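These notes are about the structure you will find just below.
The values are calculated or read from the model by the stated rules, or taken from the named source; none is laboratory data. The model shown is predicted, which means the values in this text are computed figures rather than measured ones. In this analysis, Cβ positions are derived from the backbone assuming ideal geometry, glycine residues included, and neighbour counts consider all displayed protein chains. These accessible areas exclude ligands, DNA and RNA; they are computed on the full protein's heavy atoms, side chains included. Shrake-Rupley method; radii C 1.70, N 1.55, O 1.52, S 1.80 Å.
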Amino acid sequence: DLATALNNRGQIKYFQVEFAAAVEDYTAAIESQPGFEVPYYNRGLVLYRLGCFDEAMKDFRKVLELNPQFEDAALSLKQAILDKEEKQKRGY
């Protein structure tokens, strides 16, 4: 389906370190199928790597709302919270 195809294309762009393009594809996948948790997770990972912790945490929380058993999202959320706190402690 379209959402899966967009998510997969986003993955390819992510692996090519084309983060902005990957985020666009993940967002398009979400818009195509809002109940599909995987593109939220993938977009969250990119946002996390870019240091956009609040946005990443929002995506990880959405994944867990859609699928509470998504363990990688729970772990990623915890890590994003810790990294945001560490960033704030260091003052940047």
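Remarks
- Translational diffusion coefficient (Stokes-Einstein; Kirkwood radius from C-alpha pairs) of the chain at 4 °C, 1.567 mPa s, in µm²/s: 99 µm²/s
- Across the stretch 31-41, coupling constants 3J(HN,Hα) worked out from phi with the 6.51/-1.76/1.60 Karplus curve, θ = phi - 60°, read 5, 6, 8, x, x, 8, 6, 4, x, 4, 4 Hz, and Gly and Pro carry x.
- For Gln33 and Glu85, the FRET efficiency from 1/(1 + (r/R0)^6), where r spans their Cβ atoms and R0 equals 30 Å, is about 0.35.
- Solvent exposure ordering (accessible area, 1.4 Å, most first) of Tyr26, Tyr48: Tyr48, Tyr26
- Apportionment of accessible area to carbon and sulfur, the stretch 2-90, percent (1.4 Å): 53 percent
- Residue-normalised accessible area of the chain, expressed per residue, 1.4 Å probe, Å²: 60 Å²
- Rounded to the nearest whole Hz, the Karplus-based 3J(HN,Hα) values (6.51 cos²θ - 1.76 cosθ + 1.60, θ = phi - 60°) of the stretch 49-57 follow the sequence 4, 7, x, 8, 5, 4, 5, 4, 4, with x at glycine and proline.
- The distance linking the stretch 50-92 with the stretch 1-26 is 20 Å (Cα centroid to Cα centroid, whole angstrom).
- Across the chain, the relative contact order, built from alpha-carbon pairs under 8 Å that are at least six residues apart, equals 20 percent.
- Net charge dipole size for the stretch 2-90 [Lys, Arg +1 and Asp, Glu -1 on Cβ; Debye, nearest 20]: 240 debye
- In the chain, the longest principal axis of the Cα atoms and the axis of helix 2-15 are about 50 degrees apart.
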